[in-house]
Amino acid sequence: MIKKRLLSVLCGLLFFQGVLAQEKKDSLSLRFDFKFGDLPLELEKKYTTASDTLEIETFKFYVSSIEVHYADDTRIKPKNKYHLIDIENPNSLSIPIAVKQNNVISKVTFNIGIDSIASVSGALSGDLDPSKGMYWAWQSGYINMKIEGKSTSCKTRKNQFHFHLGGYMKPNCGLRTVILEALKPFENVEITVDLEKLFSEIELTKTNSIMIPGEQAMMLSDVATKMFHIE
C-alpha cells in the first residue's frame, strides 16, 4: 500500500513537471539582454567609449504596445500594454506574450515610453505606479528612460550624469517606436540593448544632465532607439 502511494505521488510530480515544461516550451516571450559593445552590461563596472570612461548605476525604461508580427500577416500582443524594464530587476527582463504559433516571426514592434493617455490618467498601479520612480507629474508625464551613472568626464557633483528622457506633449513628445526585423521561427525573441550605441554619440564633458522634456531630450530619445536590435 505504501509503495503504491509513493508511486502515485511520484507519477503525479513527474506529470506536474511535464506540464510546466510543456507550458514553458509552448510560451512565447520577449527577452532583453543588456550589453555595452561586446561586453555584458553590469552596474558600477567601468566601460570606455572613444571619448569617455563611465559607470552605469541606473538603467530602466518603459516598453509599451508590443506586437509580434508573423509572416502570414497575423500578429499577437501581450495582455498588459505597459512594462517597466529595469536592469536591477531580473524578473522584468522577460515579457510573456502568448502561446507560440507554428509560424515564422517577421518582425517585432514596440514603443519606448508611455503614451499621453496613461500620462494624464493620474496615479496608476503596477509598473506605472509613481513609486517606481519614473513619474514626474501630470504636466510632464512619465520618464520613458532613466540612465544614471558617473564619469570623470563630468565636472559635476560626484562626477555624476543623469539622463531622464520623457515628455508627452508636442513638440516634446518623447515616445519612440522601434521596429525590429526578426525572421525567426518558434523560439523566443531575444532583444539586445547595447548602451554603447547611445554613449558613443554623447560627450559627457558637454552633455551630462537632461532632467526635463525639451530639445535635448528629444534628440537623445531618437538616438536611444539605435540601442535595440535582434542578433
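The values are calculated or read from the model by the stated rules, or taken from the named source; none is laboratory data. None of these values were measured; they are calculated from a predicted model. Neighbour counts are summed over all protein chains in view; Cβ atoms, including those assigned to glycine, are modelled from backbone coordinates with ideal geometry. All accessible areas refer to the heavy atoms of the entire protein, side chains included, with ligands and DNA or RNA removed. Shrake-Rupley method; radii C 1.70, N 1.55, O 1.52, S 1.80 Å.
Couple of notes before you dig in:
- Helix 2-26 vs. the chain, principal-axis angle (Cα, 0 to 90°, nearest 10): 40
- Here the dipole of the chain is about 760 debye; that uses its Cα centre as origin and unit charges on the Cβ of Lys and Arg (positive) and Asp and Glu (negative).
- Restricting the chymotrypsin sites (Phe, Trp or Tyr not before Pro) of segment 85-175 to loop positions (DSSP other than H, G, I, E, B) with no more than 16 neighbouring Cβ atoms within 10 Å leaves Trp138.
- Computed over segment 47-119, relative contact order equals 38 percent, with contacts defined as Cα pairs under 8 Å that lie 6+ residues apart.
- Legend: residues Arg31, Arg157, Arg176, sorted from most to least accessible area (1.4 Å probe; ligands, DNA and RNA excluded), read Arg157, Arg31, Arg176.
- The chain: calculated mean residue ellipticity at 222 nm from DSSP helix runs of at least 4, using -39500 (n - 2.57): -5500 deg cm²/dmol
- Cα long-axis angle, helix 215-224 against the chain (0 to 90 degrees, to the nearest 10): 40
- Asn159/Met211 FRET efficiency (R0 22 Å; Cβ-Cβ; nearest 0.05): 0.85
- About the centre of its Cα atoms, segment 152-197 shows a dipole size close to 520 debye [charges on the beta carbon of Lys, Arg (+1) and Asp, Glu (-1) only; nearest 20 debye].
- Taking a point 7 Å from the Cα of Val104 along the Cα-to-Cβ direction, the residues of segment 70-95 with backbone N closer than 19 Å to it are 70-76.
- In summary, the chain shows an alpha-carbon radius of gyration equal to 1.20 times the 2.2 N^0.38 Å reference for compact globular proteins.
- Estimated at 0.36 nm per residue, the fully extended path between Ser121 and Asp72 surpasses their Cα-Cα distance by 14.0 nm.
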